[in-house]
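The values are calculated or read from the model by the stated rules, or taken from the named source; none is laboratory data. Source: prediction; values computed, not measured. Note: ideal-geometry Cβ built from the backbone for every residue, glycine included; neighbour counts use all protein chains shown. Heavy atoms of the whole protein, side chains included, go into the accessibility calculation; ligands, DNA and RNA do not. Shrake-Rupley method; radii C 1.70, N 1.55, O 1.52, S 1.80 Å.
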Amino acid sequence: MGKTQPVKNKPFSQIIGTGVGIPQKVLTNFDLEKMVDTSDEWIKSRTGIETRYIAEEGQFTSDLGTTAALNALHDAHVSAKDVDVIIFATITPDVGFPATAVFVQKNIGAVNAAAFDIQAACTGFLYGLELADSLIAAKKAKTVLLIGGETISRITDYSDRNTCVLFGDGAGAVVLRAAEDDHGILGVYTRSDGRLNNLLKLDGLGTKYPPTPEHYDQKMHFLRMEGREVFKHAVTCMGDAAEAIMERASLSTEEVDLLIPHQANIRIIEATAKRVKVPPEKVFINVNKYGNTSAASIPIAIDEARRQGRLKTGSVAVLVAFGGGFTWGAAAIRF
Ligand code: UT7
């Protein structure tokens, strides 16, 4: 949480496995040039995005989450039957209810788990990390499977150039267990400001604006964003959060091996890195390949960074995110 979270010296939990589930279909900037009035040059220079992956027809958030979960469990050498809790962070659940997490539970055979979703937009994975770490700290769970997954393409208006060039689909998962030494979650910081709920939102799909033909015509089932406003807040809040977690975990800039920002826009990533004085070679970037995958962006990045050898045993990573709500947060992890 915000200011109330105590400083922690010894970690309670650690990540013991990671995995991803990425759709095969690629949507390039050149494809988008044929759909809306945009250009590869504009998208690349304003966002850093070149491609994004899009779920196939009939492929849902739980499917991507299931693949990510199975890969993470395999990586962790953990049986699905040993999972106590499944937390799924998403703003694109398969259905209104039940939770996407229970579909994953069924698919992987995690018969002994409690399963539920959380919704904190692009910060969802960090909110989930705070919960998972707390459950393990309180000895309420031994093994937690935390997934961030989205099929944002399903809530994207592909006639709105302000948003359709930005988002992509995917899922990432991590398995957490009690830390045995000084490797693990050094701290998590989460904040929100509901006064700014109107700047990034999806009005439909809830009870306030039922799916009437009128609401459908008004495209209420699509995501809307005041891009410029969101950009300004994202830069400030991600910088604040990264600074706060580094202070709380007593980390100097030199001690940070990798900064893993939410992958929304290359300019926001660069501004965040500049604010905490982390040099470019220590900043993880894959927004060019995936676009903004909301709650999936950080777990996908963690998995890729590990596979690229950029997160080794002992590496210290700072994760930082910002999203609708507004919500924002950061975490520090010694791998
Ligand atoms: O993950 C949650 C957080 N989300 C974010 O962090 C996203 C935050 N926002 C952004 O990343 C940026 O604001 C955008 C990439 C969405 C937009 O970039 P911008 O530099 O803020 O552009 P803008 O919205 O100020 O628009 C500049 C111009 C406008 O034209 P006029 O009014 O100056 O004539 C837009 O209509 O660019 C136009 N524009 C486009 N042009 C070509 C907007 N979208 C496009 C497009 N292609 N796709």
Listed by first then second residue, the pairs whose first member lies in region 245-274 and is assigned by TED's automatic domain parsing to the domain that holds residue 235 and farther than 16 Å from residue 298 by Cα, whose partner is open to solvent by less than 10 Å² (accessible area, probe 1.4 Å) and among the polar types (S, T, N, Q), with beta carbons under 8 Å and at least 6 positions apart or on separate chains, are 267/47
Looking at 112, 71, which is the one that is polar (S, T, N, Q), touching a residue at least 12 places away in the same chain (Cβ under 8 Å), in contact with a helix residue (DSSP H, G or I) (Cβ under 9 Å, 6 or more places away or on another chain) and assigned to a helix (DSSP H, G or I)?
71
Residue list for region 41-65, filter: part of a helix (DSSP H, G or I) and either open to solvent by less than 40 Å² (accessible area, probe 1.4 Å) or within 16 Å of the ligand (Cβ to nearest atom) (or both):
41, 42, 43, 44, 45, 46, 47, 61, 62, 64, 65
Going through region 158-188 in order, the residues found to be within 12 Å of the ligand (Cβ to nearest atom) and either modelled with pLDDT under 95 or not in a strand (DSSP E or B) (or both) are 158, 159, 160, 161, 162, 163, 164, 165, 166, 168
By residue number, the members of region 137-159 that are within 30 Å of residue 46 (Cα to Cα) and either open to solvent by 30 Å² or more (accessible area, probe 1.4 Å) or free of Cβ contacts under 8 Å to residues at least 60 places away in the same chain (or both) are 154, 158, 159
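Output yes when any residue across region 181-197 is without any contact (Cβ under 8 Å) to a residue 60 or more places away in the chain and loosely packed, with under 13 Cβ neighbours inside 10 Å, and no when none is.
Narrowing region 181-197 to residues without any contact (Cβ under 8 Å) to a residue 60 or more places away in the chain: 181, 195.
When the remaining residues are screened for being loosely packed, with under 13 Cβ neighbours inside 10 Å, the result is 181, 195.
Checked region 181-197: at least one residue is without any contact (Cβ under 8 Å) to a residue 60 or more places away in the chain and loosely packed, with under 13 Cβ neighbours inside 10 Å.
Using the structure shown, decide if residue 92 is in contact (Cβ under 8 Å) with a residue 40 or more places away in the chain, crowded, with 22+ Cβ neighbours inside 10 Å, part of a loop (DSSP other than H, G, I, E, B) and not assigned by TED's automatic domain parsing to the domain that holds residue 207.
Details: in contact (Cβ under 8 Å) with a residue 40 or more places away in the chain: yes; crowded, with 22+ Cβ neighbours inside 10 Å: yes; part of a loop (DSSP other than H, G, I, E, B): yes; not assigned by TED's automatic domain parsing to the domain that holds residue 207: yes.
It is true that residue 92 is in contact (Cβ under 8 Å) with a residue 40 or more places away in the chain, crowded, with 22+ Cβ neighbours inside 10 Å, part of a loop (DSSP other than H, G, I, E, B) and not assigned by TED's automatic domain parsing to the domain that holds residue 207.
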Among the residues of region 262-301, write down those that are within 15 Å of residue 52 (Cα to Cα), of a type outside the set (A, V, I, L, M, F, W, C) and open to solvent by 20 Å² or more (accessible area, probe 1.4 Å).
288, 289
Test: residue in region 56-79 that is of a type outside the set (S, T, N, Q) and either in the same structural domain as residue 321 (by TED's automatic domain parsing) or touching a His at 6+ places or on another chain (Cβ under 9 Å) (or both)
no
Scanning region 30-40 residue by residue, those more than 9 Å from the ligand (Cβ to nearest atom) and either open to solvent by 90 Å² or more (accessible area, probe 1.4 Å) or at positive phi (or both) turn out to be 30, 34, 35
Of all residues being surrounded by 20 or more Cβ atoms within 10 Å (Cβ to Cβ) and of a type in the set (Phe, Trp, Tyr) in region 95-136, which is farthest from the ligand (Cβ to nearest atom)? Just the residue, please.
103
